[in-house]
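First the structure, in the form of structure tokens, and then the observations on it.
The values are calculated or read from the model by the stated rules, or taken from the named source; none is laboratory data. Computed from a predicted structure; not experimentally measured. Here the Cβ positions follow ideal geometry from the backbone for every residue, glycine too, while neighbour counts run over all protein chains shown. Accessible surface areas use protein heavy atoms only, side chains included; no ligands, DNA or RNA. Shrake-Rupley method; radii C 1.70, N 1.55, O 1.52, S 1.80 Å.
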Protein chains: 2
Amino acid sequence: MSFQSDPNQKVIRNPLFEEKADALKPKIYQETITPNRVVKTITNEDIIHGWEVVPTEDYQQLATQSFGKGESFILDFGQHVVGYVSMNVSPVGSPPDAPLHVRFTFGEMPVEVSEPFSSYDGWISSSWLQEETLHVDVLPNKIKLPRRYSFRYMKVEILDTSQKFNVSFNEVRCQAVTSADVSNVKQLNHEDPLLNKLDEVSIKTLQDCMQDVFEDGPKRDRRLWLGDLRLQALANYVTFKNNDLVKRNLYQFATVPNENGQVTANLFVEPTLIPDDTFLFDYSLFFTTTLFDYYQVTKDKETLVELWGTAYRQIELALERVKDNGIVKDDSSWWSFIDWHPDLNKQGPSQAILIYALKRAINLANELGETEEEAYLTLKVETMTMAAKTHLWNEKAGFFVSGESKQISWATQVWMVLAEVLDKEASRKLLQNLLVEKPEIGMNTPYMYHHLAEALFLTGETEEAIKLLKHYWGGMIKDGADTFWELYNPEDKEFSPYGNHLINSFCHAWSCTPTYLLRTFLDTRQS
Amino acid sequence: MSFQSDPNQKVIRNPLFEEKADALKPKIYQETITPNRVVKTITNEDIIHGWEVVPTEDYQQLATQSFGKGESFILDFGQHVVGYVSMNVSPVGSPPDAPLHVRFTFGEMPVEVSEPFSSYDGWISSSWLQEETLHVDVLPNKIKLPRRYSFRYMKVEILDTSQKFNVSFNEVRCQAVTSADVSNVKQLNHEDPLLNKLDEVSIKTLQDCMQDVFEDGPKRDRRLWLGDLRLQALANYVTFKNNDLVKRNLYQFATVPNENGQVTANLFVEPTLIPDDTFLFDYSLFFTTTLFDYYQVTKDKETLVELWGTAYRQIELALERVKDNGIVKDDSSWWSFIDWHPDLNKQGPSQAILIYALKRAINLANELGETEEEAYLTLKVETMTMAAKTHLWNEKAGFFVSGESKQISWATQVWMVLAEVLDKEASRKLLQNLLVEKPEIGMNTPYMYHHLAEALFLTGETEEAIKLLKHYWGGMIKDGADTFWELYNPEDKEFSPYGNHLINSFCHAWSCTPTYLLRTFLDTRQS
């Protein structure tokens, strides 16, 4: 993501919190993955992005072939991997009398190894496109590519050798890395194989995003966002159970708030811990709700005591945006994320998210015996809930509205349900109405779809929730997902908020939640 | 160079020679070189290759500037350097939310940082064009480029950052490397400043080519060629005096002859010592003459004794090509290098080079008391000399001819003089005739020009020799040479035997000989 920012922000650093976070640096599990076949891609209009993968031979055949200037091949690793690639390259023919000039291109999806990166015209940096061009002076040699890549397909193009030699490749390897302990995960074993598949792909998605921190996407942006962390943590609690990684990431956010005490929307961890200068209304509040979720699972009182100040401060800052009428002030700039949607008004969902966060903060205040804060927050939640019903409810339409234009969006309804602004039955009816009426301002990301699915489960609309999971995340699988994607619009499969789908992330943290939903809301059916 | 070759050659390895060579691995001297200004290049038809360098600011100004997507700058190091480049790169603006994608291009000459490498259409490998494209994930960072470069100009192009940050560079350094001990060199101090300049540029050329071995060119081909070694050794004896490096390189050639005992035209030294599968009539003979030169300077009898077998074998093999009439058999393929000239017939100069080598072999045989070989070689040299005068001399033209077409070339006359086929006075007249008549088959390389200059000095045509040095090597200096070039044709300054001048080497061993010629033939004038 990229938003408005303030490069002159002042950071108030907490060295004690930083020490705690550093001490929780995770163990990295490694696994050696080999390609399983050589493939080519061909155009096919019926396949997403227009590219079909066609096997040409077994990977074992590769070592018997040699390649000269202008020749190339694509290796299919058979699964999504995140890691470090190495291979042996040998000369064939005369002693090599020039360097080998070679380009490697990595694709999570076939399109990335089929369309030239020079065609990329999106607005976020082309530097995320995964490629590496090397000169190899000495042959034979073991090539170790310098960066971590996130991919299933690797294209190798021989830019030049010389007229006197070709090159041959063998022992192509990816040293896959993750901080997820896969041995911790029990199988879902649901009677419906598609739900098992949704669960598996969710877990693989989470696994590949779990590194030194919970990354949003191992291809792009490769860093810790609060909105993603919140959902990853929920999926993690029911799978890998690496609760220390959640704790580490909470301490990292608490280490570097701005001078107002607001936590940033995302963090960089190298060369040192650096907060981004992007602040989002909803993401800052998710610090508080993520701490709440963490405490529910771990009952780690020490962490709660230490991080309560930061959590409470996010609520205070959000409340500063609440007008006298109890409604969050609208704004023309993107201070609240909610979803990737150019026309979405953020007021309604932001109102709901603050109520959602307030309720969790009240619970934490109670746990800590902070009676004064508890009383204050309780008063606020009542005022804001009443205000939402009074000022944002459109009785005739049966929907909550948002902003000056009284926009009716899916996001506002979903978050009002999650915030439990209405009682369960009224919420259920609101969602039923939503699914029938289908307001024009829809949803563009698995992140927003997750919230709809959770809302359906919460209101007892289990069948609808399952249908949604199968249609939406199942649709990604049908379209070739090995891990769940950052962006998916079944009606517009080329959709990218960045102007070009080459830059989309096809393994993205916020899409990993089916495992959380299935394991949380279907637990009675588990074997 | 690239010639016919036999990939199935068998190598007869001599481990004892290899051990000796390995033990002589040279010390590498390092020096830190900083850029001295920021420049741009502009088109200018009056300048070689059409590119003029225009200073824009001091290097010190660079650190105060920042660069975003699509921006670039060129640094001028103020001299030719061979080494390893590093620099600090820092983000400017928001914390960097994407990798830096950056391309570095290195040029010995302005054209290399002005014309896109994608325009290269020559027949030898484009992989020699010096560029590096990197993704830098963590900023700030110290970038250490992975390869050794040979350059004066470095272009830095920002392929992408992001909309949120630019980058700034400082502490740009080149760790220059050479096995030449510059403290060994005495100044020439000639009264003619141009001759001093020719001497200095020669020495710098040799210095930058002296690495782990005597390389032909640090940009391209970066390896040990016998024809270059012979001339580098001569220049080295009167300057750096690293005689052990000559010895090492002789042992390396002697380590890996083919099954006939012929030494290869060039060697690769990594990953292990590997002979190229290219064999040249003249270059193999230069093993013998280089050993002769080495012995003249060092009187290292032990090395002479050990390498005599290899040296003698080269003569034997060359003599196998001599027909009953005493003339070297002509051939349609390029078994003898002589010069980069598409129409040059190689018979005449090859005849002369064999006579030249025979005379030196006779001297070595005498030194070793190998009377039988001495007598045999003496007989051969007499036969071949007589044959040259009988079959190759055109009395009417006053020139030696070559091949079936009786071609009259500069190369044949020059080598006949160097081989002392005629007496000194006749040789002098031959050269005078050559300079007046100017036969059409001329000279294309400093390598061939060196032999003309040496022939002039040897016959007492000192003024003509000096004139040639000033015109030819002085012409390169006038055209912007910091080190002498692989190729230079004053009548066709774009000349390249490779189809494109971007790939030419502008610091080339075989061009470093003015220092040898000046210090050898003008020593009475030295202060």
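Would you pick out the residues in the stretch A:1-28 that are at pLDDT 75 or above, closer than 26 Å to A:Phe337 by Cα and either assigned to a loop (DSSP other than H, G, I, E, B) or not assigned by TED's automatic domain parsing to the domain that holds A:Glu215 (or both)? A:Lys10, A:Ile12, A:Arg13, listed by residue number. Taken together, A:Glu372, A:Glu382, A:Glu425, A:Glu404 contain a single residue that is in contact (Cβ under 8 Å) with a residue 40 or more places away in the chain, at negative phi and out of contact with any Phe, Trp or Tyr (no Cβ under 6 Å at 6 or more places or on another chain), which is A:Glu404. If you go through the stretch B:155-168 and keep only what is within 15 Å of B:Asn88 (Cβ to Cβ) and either in contact with a Pro (Cβ under 9 Å, 6 or more places away or on another chain) or surrounded by fewer than 21 Cβ atoms within 10 Å (Cβ to Cβ) (or both), you end up with B:Asn166, B:Val167, B:Ser168.
Out of B:Pro349, B:Pro275, which single residue is closer than 27 Å to B:Pro26 by Cβ, open to solvent by less than 10 Å² (accessible area, probe 1.4 Å) and of a type outside the set (Ser, Thr, Tyr)? Only one candidate passes the filter, namely B:Pro275.
Hey, any hits in the stretch A:51-63 for a residue that's under 25 Å from the mean Cα position of the chain (by Cα), assigned by TED's automatic domain parsing to the domain that holds A:Phe104 and either open to solvent by 40 Å² or more (accessible area, probe 1.4 Å) or in contact (Cβ under 8 Å) with a residue 60 or more places away in the chain (or both)? Looking for residues that are under 25 Å from the mean Cα position of the chain (by Cα), assigned by TED's automatic domain parsing to the domain that holds A:Phe104 and either open to solvent by 40 Å² or more (accessible area, probe 1.4 Å) or in contact (Cβ under 8 Å) with a residue 60 or more places away in the chain (or both), one finds at least one in the stretch A:51-63, hence yes.
Candidates A:Asp282, A:Asp216: the one that is under 21 Å from A:Ala180 (Cα atoms) and of a type in the set (D, E, K, R) is A:Asp216.
Any residue at all in the stretch A:143-165 that is among the acidic types (Asp, Glu) and within 14 Å of chain B (Cβ to nearest Cβ)? For the stretch A:143-165, residues among the acidic types (Asp, Glu) and within 14 Å of chain B (Cβ to nearest Cβ): present.
Here A:Thr41 meets each of (1) within 25 Å of the chain's Cα centre (by Cα); (2) in a strand (DSSP E or B) with one exception, condition (1). Do we find that B:Glu157 is touching a residue at least 60 places away in the same chain (Cβ under 8 Å), under 28 Å from B:His49 (Cβ atoms) and either more than 25 Å from the chain's Cα centre (by Cα) or not in a loop (DSSP other than H, G, I, E, B) (or both) in this structure? So B:Glu157 passes the test.
Taking (1) over 24 Å from the mean Cα position of the chain (by Cα); (2) closer than 30 Å to B:Val269 by Cβ in turn, A:Val85 satisfies each apart from (1).
In the stretch B:424-464, of all residues being among the β-branched types (Val, Ile, Thr) and assigned to a helix (DSSP H, G or I), the one that is least open to solvent (accessible area, probe 1.4 Å) corresponds to B:Thr462. In the stretch A:126-145, the residues that are without any contact (Cβ under 8 Å) to a residue 60 or more places away in the chain form Cβ pairs under 7 Å with partners that are among the small types (Gly, Ala, Ser), at six or more places apart or across chains, as follows: A:Ser127/B:Ala98; A:His135/B:Ser127; A:Leu139/A:Ser90; A:Pro140/A:Ser90; A:Lys142/A:Ser86; A:Ile143/A:Ser86. Residues in the stretch A:89-117 that are open to solvent by less than 10 Å² (accessible area, probe 1.4 Å) and closer than 20 Å to B:Trp128 by Cβ were compared, and the one that is farthest from the other protein chains (Cβ to nearest Cβ) is A:Val89. The set of residues from the stretch A:118-145 being of a type in the set (A, V, I, L, M, F, W, C), surrounded by fewer than 19 Cβ atoms within 10 Å (Cβ to Cβ) and in contact with a helix residue (DSSP H, G or I) (Cβ under 8 Å, 6 or more places away or on another chain) is empty. Restricting attention to the stretch B:314-343 and to residues that are touching a helix residue (DSSP H, G or I) at 6+ places or on another chain (Cβ under 9 Å) and in a helix (DSSP H, G or I), the residue that is surrounded by the fewest Cβ atoms within 10 Å (Cβ to Cβ) turns out to be B:Leu319.
Per the conditions (1) part of a helix (DSSP H, G or I); (2) more than 29 Å from the chain's Cα centre (by Cα); (3) more than 23 Å from A:Phe286 (Cα to Cα); (4) of a type in the set (A, V, I, L, M, F, W, C), the sole criterion not satisfied by A:Met386 is (3). Scanning the stretch A:205-247 for residues that are touching a helix residue (DSSP H, G or I) at 6+ places or on another chain (Cβ under 9 Å), open to solvent by 10 Å² or more (accessible area, probe 1.4 Å) and away from chain B (no Cβ under 14 Å) gives A:Gln207, A:Leu234, A:Tyr237, A:Val238, A:Lys241, A:Asn242, A:Asn243, A:Lys247. Under the condition of being open to solvent by 10 Å² or more (accessible area, probe 1.4 Å), within 13 Å of another protein chain (Cβ to nearest Cβ) and either farther than 17 Å from B:Lys40 by Cα or among the β-branched types (Val, Ile, Thr) (or both), the residues counted in the stretch B:68-83 number 1. Considering the stretch A:248-272, the residues that are crowded, with 18+ Cβ neighbours inside 10 Å, in contact with a Gly (Cβ under 9 Å, 6 or more places away or on another chain) and not in a helix (DSSP H, G or I) include one that is farthest from the other protein chains (Cβ to nearest Cβ), namely A:Ala265. Based on what the data block shows, is B:Tyr488 closer than 24 Å to B:Asn433 by Cα and not small (Gly, Ala, Ser)? Yes: the conditions hold for B:Tyr488.
As an exercise: evaluate A:Lys197 against (1) open to solvent by 10 Å² or more (accessible area, probe 1.4 Å); (2) among the charged types (D, E, K, R); (3) in a loop (DSSP other than H, G, I, E, B) and give the number of the one condition it does not meet. It fails just one condition, (3).
Of the conditions (1) within 14 Å of another protein chain (Cβ to nearest Cβ); (2) open to solvent by 40 Å² or more (accessible area, probe 1.4 Å), B:Lys301 clears all except one; give me its number. That leaves (1) as the condition not met. All of B:Leu364, B:Leu354 fail the test of being crowded, with 17+ Cβ neighbours inside 10 Å, in contact with a strand residue (DSSP E or B) (Cβ under 7 Å, 6 or more places away or on another chain), of a type outside the set (Lys, Arg) and within 30 Å of B:Lys301 (Cβ to Cβ), apart from B:Leu354. Kindly evaluate A:Asn36 against the criterion of being more than 14 Å from chain B (Cβ to nearest Cβ), surrounded by fewer than 22 Cβ atoms within 10 Å (Cβ to Cβ), without any contact (Cβ under 8 Å) to a residue 12 or more places away in the chain and over 23 Å from the mean Cα position of the chain (by Cα). Judged against the criteria, A:Asn36 is not a match.
All conditions in (1) modelled with pLDDT of 95 or more; (2) surrounded by fewer than 20 Cβ atoms within 10 Å (Cβ to Cβ); (3) among the aromatic types (Phe, Trp, Tyr) hold for B:Phe484, with the sole exception of (2). Screening B:Thr524 against (1) part of a helix (DSSP H, G or I); (2) modelled with pLDDT of 95 or more leaves a single unmet condition, (2).
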